[in-house]
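Novice: Quick one: this structure, given as structure tokens, is what I'll be asking you about.
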Amino acid sequence: FIIPSNGKLKYVLIRSAATPGSPVIGFHKASDGSQYLNDTATETQTVDLSTADTVVKATFSDSATFSANDIIGISVNPTNNHGRVNITVVFELEPF
């Protein structure tokens, strides 16, 4: 994602057709002018996805911030095999 204004990552909703266990959801970012996202997550949250087809919420802290024109990404590192995964990302953006 390219971010249009300053803000923060509020939460990520995730569901899977399988049971990937306790996946780690990572928030990655890099400043404008960088070619790649940082491999090391700015923040991670571990969720319990032990029931298939159930939505789980990963809430991030106030430290999961970004600036206008940063590039950001979300990683999902499951502990078990996953099925089809759906993710919704919710940001709080400051007014332009």
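Novice: Starting from the Kirkwood Rh over alpha-carbon pairs, what translational D in µm² s⁻¹ does region 8-56 have by Stokes-Einstein at 37 °C and 0.692 mPa s? The partial results should precede the final answer.
Specialist: Working: Rh = 12.3 Å.
Result for D is 266 µm²/s.
Novice: Per residue, how big is the convex hull around the C-alpha atoms of region 41-96? Give it to me in cubic angstrom, could you?
Specialist: Details: hull volume 6.3 nm³, N = 56.
With only Cα atoms used, region 41-96 gives 112 Å³ per residue.
Novice: Separate question: In whole Å, how far is the Cα centre of region 3-61 from that of region 75-96?
Specialist: 4 Å
Novice: Same structure, new question: Expressed as a whole percentage, what fraction of the accessible surface of the chain belongs to carbon and sulfur atoms when a 1.4 Å probe is rolled over the protein heavy atoms?
Specialist: Details: 2650 of 5630 Å².
Of all accessible area on the chain, carbon and sulfur atoms account for 47 percent.
Novice: Sticking with this structure for a sec: Within region 1-44, which chymotrypsin sites (Phe, Trp or Tyr not before Pro) sit in a loop by DSSP and count at most 14 neighbouring Cβ atoms inside 10 Å? Could you put the intermediate results ahead of the total?
Specialist: Numbers: sites: Phe1, Tyr11, Phe27, Tyr36; in loops: Phe1, Tyr36.
Passing both the DSSP loop test and the Cβ count: Phe1, Tyr36.
Novice: So, for region 31-73, what is the accessible surface per residue at a probe of 1.4 Å, expressed in square angstrom?
Specialist: Numbers: 2650 Å² over 43 residues.
Accessible surface, normalised per residue, equals 62 Å².
Novice: Can you give me the P(r) profile for the chain? Cα pairs, bins 5 angstrom wide beginning at 0, each as a whole percent.
Specialist: 3, 14, 24, 21, 17, 12, 7, 2, 0
Novice: Trypsin sites (Lys or Arg not before Pro) within the chain: which are DSSP loop residues with at most 12 other Cβ atoms inside 10 Å? Each step should come with its number before you reach the end.
Specialist: Values: sites: Lys8, Lys10, Arg15, Lys29, Lys57, Arg84; in loops: Arg84.
Answer by residue number: Arg84.
Novice: What is region 3-96's relative contact order, in percent, from Cα pairs under 8 angstrom and six or more apart in sequence? If you can, show how the numbers build up before the last one.
Specialist: On the way: 236 pairs, mean separation 46.9, N = 94.
Taking the mean separation of contacting Cα pairs over the length of region 3-96, I get 50 percent.
The values are calculated or read from the model by the stated rules, or taken from the named source; none is laboratory data. What you see is a predicted model; the values in this text were computed from it and never measured. Don't worry about glycine lacking a Cβ; one is built from the backbone with ideal geometry, like all the others, and counts go over all protein chains shown. For the accessible areas, the whole protein counts, side chains as well, though only heavy atoms, and no ligand, DNA or RNA atoms are used. Shrake-Rupley method; radii C 1.70, N 1.55, O 1.52, S 1.80 Å.
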